[in-house]
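Asker: Mind having a look at this structure? Questions to follow.
The values are calculated or read from the model by the stated rules, or taken from the named source; none is laboratory data. None of these values were measured; they are calculated from a predicted model. All Cβ positions, even for glycine, are placed from backbone atoms using ideal geometry, and neighbour counts span all protein chains on display. Areas reflect the complete protein model, heavy atoms only, side chains present, ligands, DNA and RNA absent. Shrake-Rupley method; radii C 1.70, N 1.55, O 1.52, S 1.80 Å.
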Amino acid sequence: QVQLVESGGGLVQPGGSLRLSCTASGSISNIYTIAWSRQVPGKQRELFATLTRLTFINYADSVKGRFTISRDDAKNTVYLQMNSLKPEDTAVYYCGDVGLGYWGKGTQVTVSS
């Protein structure tokens, strides 16, 4: 099983941008649907961006128009570009293989002034 490690989280002001990376220990080319989710303590995890190997993309309404998911199979990396960040985007962000139900350990994103 490919291990996934998220990075790029941190503290950003409202309206700012961050780019998260999800680096795999092996090839991601066999992952049919890769996704980003996020979770706030005490709340249900939100699956908000999915990208298939056929490049079909879906976003939750909460991030549509602000977040962009992409994958670079040559680098075995999935990215999440986040723009126009809001305080309600504060959460731990995870990338994962939807088909296997496997998720990385996450990276914290905090949006605050």
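Asker: Which residues, counting only those in the stretch 103-113, are surrounded by 14 or more Cβ atoms within 10 Å (Cβ to Cβ), over 11 Å from LEU20 (Cβ atoms) and touching a helix residue (DSSP H, G or I) at 6+ places or on another chain (Cβ under 7 Å)?
Answerer: Once the filter is applied, which keeps residues that are surrounded by 14 or more Cβ atoms within 10 Å (Cβ to Cβ), over 11 Å from LEU20 (Cβ atoms) and touching a helix residue (DSSP H, G or I) at 6+ places or on another chain (Cβ under 7 Å), the stretch 103-113 yields only VAL111.
Asker: Would you check which residues across the stretch 80-102 are buried (at least 19 other Cβ atoms within 10 Å of the Cβ) and in contact (Cβ under 8 Å) with a residue 60 or more places away in the chain and list them?
Answerer: LEU80, MET82, LEU85, TYR93, TYR94, CYS95, GLY96, ASP97
Asker: Determine the pairs where a residue that is under 17 Å from TYR102 (Cα atoms) and assigned to a loop (DSSP other than H, G, I, E, B), located within the stretch 1-21, has a partner that is open to solvent by 40 Å² or more (accessible area, probe 1.4 Å) and of a type in the set (S, T, N, Q) with Cβ atoms under 6 Å apart, the partner being 6 or more residues away or on another chain.
Answerer: VAL2/SER25; GLN3/SER25
Asker: Looking at the stretch 31-56, which of its residues are among the aliphatic types (A, V, I, L, M) and either under 13 Å from ALA91 (Cβ atoms) or at pLDDT 90 or above (or both)?
Answerer: Scanning the stretch 31-56 gives ILE34, ALA35, VAL40, LEU47, ALA49, LEU51.
Asker: Looking only at strands (runs of 3 or more DSSP E) that lie completely in the stretch 27-113, which have at least 3 residues being closer than 16 Å to VAL12 by Cβ?
Answerer: 77-82, 91-97, 107-111
Asker: Let me ask something additional. Just checking, which of ARG38, ARG19, ARG45, ARG71 is touching a helix residue (DSSP H, G or I) at 6+ places or on another chain (Cβ under 9 Å) and basic (Lys, Arg)?
Answerer: Step by step, each of ARG38, ARG19, ARG45, ARG71 is checked, and only ARG38 is touching a helix residue (DSSP H, G or I) at 6+ places or on another chain (Cβ under 9 Å) and basic (Lys, Arg).
Asker: Can you tell me which residues in the stretch 23-52 are among the basic types (Lys, Arg) and buried (at least 22 other Cβ atoms within 10 Å of the Cβ)?
Answerer: Result: ARG38, single match.
Asker: If ALA74 passes every condition in (1) modelled with pLDDT under 95; (2) under 19 Å from LEU18 (Cα atoms); (3) surrounded by fewer than 16 Cβ atoms within 10 Å (Cβ to Cβ) but one, which one does it miss?
Answerer: (2)
Asker: Which of the residues spanning the stretch 54-90 are of a type in the set (Lys, Arg) and within 14 Å of the chain's Cα centre (by Cα)?
Answerer: Residues satisfying the conditions are LYS64, ARG66, ARG71.
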